[in-house]
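Only one structure is covered here, and it is reproduced in the block below.
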Amino acid sequence: MKVMLVCGAGVSTSILMKKMLDYAGQNNIDLEVKAYGFDEAVDYYDQYECVLVGPQISYRLNEIKSICSKPCAAINSIDYGMGNAGNVIKAAQNLLK
């Protein structure tokens, strides 16, 4: 599964990205994930299966959906804040079903 994370500058999602990679490794989940800032993400949408947007820019979700042709969703703010990688991965899996 190839997941793009998008936030304002890509910094806070980088923390979540590392937790997701650790969780995936511990649970034998095939995962490729990368974090981008909103402005740079447009150049990379085509490389991923889905896009998860940080809650701090969830107001831009419709804009992202109109730009890319991938399944997109906002990350649950509690899961994001707690760094609950398992729930975020499950959200991506459900988005791809």
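A short reminder: the numbers here are calculations on the coordinates, not readings from a lab. Because the structure is predicted, anything quoted here is derived from the model rather than measured. Don't worry about glycine lacking a Cβ; one is built from the backbone with ideal geometry, like all the others, and counts go over all protein chains shown.
With +1 on each Lys and Arg Cβ and -1 on each Asp and Glu Cβ, and nothing else charged, work out how big the dipole of the chain is about its Cα centre, in Debye to the nearest 20.
On the way: 9 positive and 10 negative charges, 54 e Å.
Here the chain has a charge dipole of around 260 debye.
Name the most mobile residue of VAL33, VAL11, VAL53, meaning the one with the largest mean-square fluctuation, in a Gaussian network model of the chain with Cα contacts below 10 Å. Largest GNM mean-square fluctuation: VAL11. Between ASN27, ASN76, ASN84, the Gaussian network model of the chain with springs among Cα atoms under 10 angstrom shows the greatest mean-square fluctuation at ASN27. About the centre of its Cα atoms, the stretch 15-72 shows a dipole size close to 220 debye [charges on the beta carbon of Lys, Arg (+1) and Asp, Glu (-1) only; nearest 20 debye].
Nearest 0.05, what FRET efficiency do LYS90 and GLN47 give at R0 = 25 Å with Cβ-Cβ as r? Don't skip to the answer; put the middle values down first.
On the way: r = 22 Å, r/R0 = 0.88.
After rounding, the FRET efficiency stands at 0.70.
Between the residues SER69, ALA85, LEU31, the greatest Cα displacement towards the positive end of the dipole of the chain, with unit charges on the Cβ of Lys, Arg, Asp and Glu, is found for ALA85. Here's the picture: a label point sits 7 Å out from the Cα of LYS2 along the beta-carbon direction, and within the stretch 9-44 the residues with their amide nitrogen under 13 Å of it are 31-34, 44.
Axis angle, to the nearest 10 degrees, between helix 85-95 and the longest C-alpha principal axis of the chain: 60 degrees. Here is the tail figure for the chain: Cα pairs spaced more than 24 Å apart come to 9 percent of all pairs. Spatially close Lys pairs in the chain, defined by Cα atoms under 14 Å apart and a spacing of eight or more places or different chains, total 8.
D for the stretch 28-75, whole µm²/s, Stokes-Einstein with Kirkwood Rh over alpha-carbon pairs at 37 °C and 0.692 mPa s: what number? Answer, rounded: 293 µm²/s.
Kindly provide the helix-only [θ] at 222 nm of the chain, computed as the sum of -39,500 (n - 2.57) over DSSP H runs of four or more divided by all residues, to the nearest 500 deg cm²/dmol?
On the way: 5 runs with 44 residues, N = 97.
Per the formula, -12500 deg cm²/dmol.
With the cut-off at 1.5 for a/c, could you classify the stretch 4-55 from its C-alpha gyration tensor as rounded, prolate or oblate? The partial results should precede the final answer.
Values: a/c = 2.79, a/b = 1.53, b/c = 1.82.
Because a/c hits 1.5 or more and a/b fails to exceed b/c, the stretch 4-55 counts as oblate.
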